[in-house]
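The structure appears right after this line, and notes come after that.
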Amino acid sequence: IHFVVYRNYDCRNYHEHVKDDFNPLPLPQIKREVLAGLKAHFFDLPKDGDDAVARWENIGSLSITLQQTLETIRYPGQLKLEAPYTAFYHGRSLLADHASGRSGILEPLHQDHLQSLLDYVLGFCADDYKAADVLFAMGLVDKQHFQKLFPPNEVLVDAKDPQPLAYSTIDCAQNHPLELLLTVWNWQYDGLFRQKNSLLTVTWPSYDGQIPISALPVYPLRYDTTGLKERLIERGQMFWECRKRKFVSYESSNSALELQTV
């Protein structure tokens, strides 16, 4: 056994869903006192009900070999084994390279264990991943696929301020069904260039349909269509040149007479 899939179901909710599929049976002629305790059992189900939908699913009880495999490819911190397996969506190409041996990192036994895990997840999530791919290709996103927008090492843009800022993602966690907490980093300058980690909160608008990805307050830069990438590169080049003394042309947004420090 390479791994075990655990699913949690709401039996009460499922019984409510299928209760109208049962047909009552004729009641036997027995004492009323006895019948009162048996009446609920005199129903039949002419055909199988719909498959129950799990409230949540996760993968656990990994084999030692599979644990070693995930440690070897240095993915254990990012590969969260909980449905809908968002990390697999982000890393499926890389994981496929490892499982097939193309990366040259894993031994055949470890490839086999990883392939079995990959086959299950990609099969289980095939429709979900395809729907996300189609939606993102159109520059759109919905609430269901919100978290899939933010893989590790993705360049993001925070366009809330007049001067947009770019970041690179470290991690994405779901605080709430409508809110993501992004751990990000970018370069800051205070006489020296320093890498600074920050937290960004991205809240889904109170809207159930699809929206343009660029309508989010923070979104992946690759989905911008306004030339923002070029503007950020140009500004970054100027910023980098200013690490040494340099004359710049500056126009204050404040017309009042006051000391301006640049």
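Summed over segment 42-52, the residues that are under 31 Å from the mean Cα position of the chain (by Cα) and surrounded by 11 or more Cβ atoms within 10 Å (Cβ to Cβ) give a count of 1.
Scan segment 12-26 and tell me whether some residue there is at pLDDT below 80, part of a loop (DSSP other than H, G, I, E, B) and over 30 Å from SER63 (Cβ atoms).
In the first step, residues of segment 12-26 are kept if they are at pLDDT below 80; the result is none.
No: zero hits.
Considering only segment 216-226, I want to know if a residue exists there that is within 20 Å of the chain's Cα centre (by Cα), modelled with pLDDT under 90 and either of a type in the set (Lys, Arg) or in a loop (DSSP other than H, G, I, E, B) (or both). No, every residue in segment 216-226 fails to be within 20 Å of the chain's Cα centre (by Cα), modelled with pLDDT under 90 and either of a type in the set (Lys, Arg) or in a loop (DSSP other than H, G, I, E, B) (or both). Could you grab me the full set of residues in segment 53-68 that are hydrophobic (A, V, I, L, M, F, W, C), surrounded by 15 or more Cβ atoms within 10 Å (Cβ to Cβ) and assigned to a loop (DSSP other than H, G, I, E, B)? Within segment 53-68, just LEU62 meets the criteria. Scanning segment 159-172 for residues that are modelled with pLDDT under 90 and more than 15 Å from LEU232 (Cα to Cα) yields nothing.
Just one of the numbered conditions (1) surrounded by fewer than 15 Cβ atoms within 10 Å (Cβ to Cβ); (2) closer than 28 Å to LEU62 by Cβ is not true of LYS148: (1).
Please find, within segment 193-235, the residue that is surrounded by the most Cβ atoms within 10 Å (Cβ to Cβ) out of those that are of a type in the set (Gly, Ala, Ser) and touching a residue at least 60 places away in the same chain (Cβ under 8 Å).
Initial filter on segment 193-235 (of a type in the set (Gly, Ala, Ser)): 198, 206, 209, 214-215, 227.
Those left that are additionally touching a residue at least 60 places away in the same chain (Cβ under 8 Å): 209, 214.
Numbers: GLY209: 8, SER214: 18.
My answer is SER214.
Applying a threshold of 7 Å to beta carbon distances and a minimum spacing of six or more residues, or different chains, the list of pairs starting in segment 121-138 at a residue that is more than 17 Å from ALA96 (Cα to Cα) and ending at one that is of a type in the set (Gly, Ala, Ser) and at pLDDT 95 or above is empty.
The values are calculated or read from the model by the stated rules, or taken from the named source; none is laboratory data. This structure is a prediction, so every number in the text was calculated from the model and none was measured. Counting neighbours? That spans all protein chains shown, and the Cβs are built from the backbone with ideal geometry, glycine included.
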